[in-house]
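What follows is calculated from the coordinates using simple rules that are stated; it is not laboratory data. Since this is a predicted model, take the numbers as computed values, not measurements. Every residue, glycine among them, receives a Cβ derived from its backbone with ideal geometry; neighbour counts consider all protein chains shown.
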Amino acid sequence: MYFCRLQKVLGLDSLDEVLDTKLVNSKHIVQNVYNVNKQGIVTLEDKSKELPHWILSAMKCLANWPSCSDLKQPTYSGFERDVFKTIVDYFGQMKEPLLTFHFFDIFVSVLGLLQKPSKAVEALQISCLLLPPENRKRLQLLVRMMARISLNQDLPPLSESVRTRTLMVQAFSRCILCSKDEIDLDELLAAKLVSFLMDNYQEILSVPSALKSSIEDHVVHLQRVQIKYAGADSDATLPPPSFCHQISTDEFEYQRAAGSQEPLAALLEEIVMNKEISVKDKKKKLKQFQKSYPEVYRVRFPTPETEAMLFPEKAKQKPPILMWALKKPFQPFHRTRSFRM
């Protein structure tokens, strides 16, 4: 039921390419749905996994600036930048991103839906419920802080050269989404997803009522079928759950090429069309993309000729002095006698 809905929203024939369902913990989903406070933030059973109080205080300070209830009012210029750096350093030292390495592919697949915001929001709602509760809570608090800081006109600039919203994305994208290989292209993927998260965090990180009702119905159903009646085989086991219909190998291969790789194709096109980066950087990113996703790259550039068209060689013009020299034949130097008047 749960996976079928996610599969349908993503428009995939199978989740096998983007999600290993064996890594999904159903207890995490239940806790993320039901163990929440009035603000919809997850409450953790294991308090040792909570954010340190000093980090929470720092995040509240910037999110609610200039009302810093947990901290003393700033007494020096640049106080807010020091607080921000403290938060960035804390999240930057995490060994794994908040969306986890296991679920990297499922979140990347959502990028193909960003042109359809309502579907992208629903896909992220479902996907974020897969996270361990401590990850979901940290994500909720972090993205909420990022969004509030970006909209806070009273907060002094946190950078001299970068706009506040751009700074939020640059500072926290990697700690929210990145692959285990940590390739350069992850930054582009993460930036797009994090920007969308910031704009729609209230919907994405809340539990949709329809989904909650369907989960409740499913739990009630499981409780009913587990009742043992007199005379029933006590060793009988429930049939394994079937998530969705099976598809043929050909259909699966087609889906893998067309559906799950669509966001990567869009990313490649974005690199190709980007006129703000230098030719050197563009070639570097394209080479990295080709190494990481050769199949997608081959579709866009099937031959060396199509690739070469992206960087046409400019005709080299000979220096003007050389052209002038070719027009006039070489003449030997003749010594002349000077005359006095």
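Take the residue pairs LYS85/LYS180; LYS38/LYS60; LYS85/LYS280; LYS27/LYS116; LYS8/LYS116 and return only those whose Cα atoms are more than 20 Å apart.
Check vs 20 Å cut-off fails for LYS85/LYS180; LYS85/LYS280; LYS27/LYS116.
Using each residue's phi in the range 274-281, evaluate 6.51 cos²θ - 1.76 cosθ + 1.60 at θ = phi - 60° and report the 3J(HN,Hα) Karplus result to the nearest Hz, with x for Gly and Pro.
Those phi angles translate into 6, 9, 8, 9, 6, 4, 4, 5 Hz.
All other residues with a Cβ under 10 Å from the Cβ of GLU50 taken together, and with Lys, Arg as +1 and Asp, Glu as -1, what is their net charge?
Taking every Cβ under 10 Å from that of GLU50, the sum is +2.
What ³J(HN,Hα) values, in whole Hz, does the Karplus curve 6.51 cos²θ - 1.76 cosθ + 1.60 give for the range 111-117 when θ = phi - 60°, with x put for Gly and Pro?
My calculation for the range 111-117 gives 4, x, 9, 4, 6, 10, x Hz in order.
With no solvent and one equal point scatterer placed on each C-alpha of the range 261-311, evaluate the Debye formula and give log10 I(q)/I(0) for q = 0.12, 0.31 Å⁻¹, two decimals.
-0.22, -1.44
What full-extension length gain, to one decimal in nm, is calculated for LYS275 and SER292 as 0.36 nm per residue of separation minus the Cα-Cα distance?
Using 0.36 nm per residue and subtracting the Cα-Cα distance, I get 3.9 nm.
Starting from the Cα-Cα distance between ALA210 and GLN153, subtract it from 0.36 nm times their residue separation and give me the gain in nm to one decimal.
Stretched out fully, the ALA210 to GLN153 stretch lengthens by 16.9 nm.
For labels at LYS116 and THR43 in the simple 7 Å Cα→Cβ model, what's the distance in nm?
3.8
What FRET efficiency comes out for the pair GLU160/ASP105, r = Cβ-Cβ distance, R0 = 41 Å, nearest 0.05?
Result of the calculation: an efficiency of 0.65.
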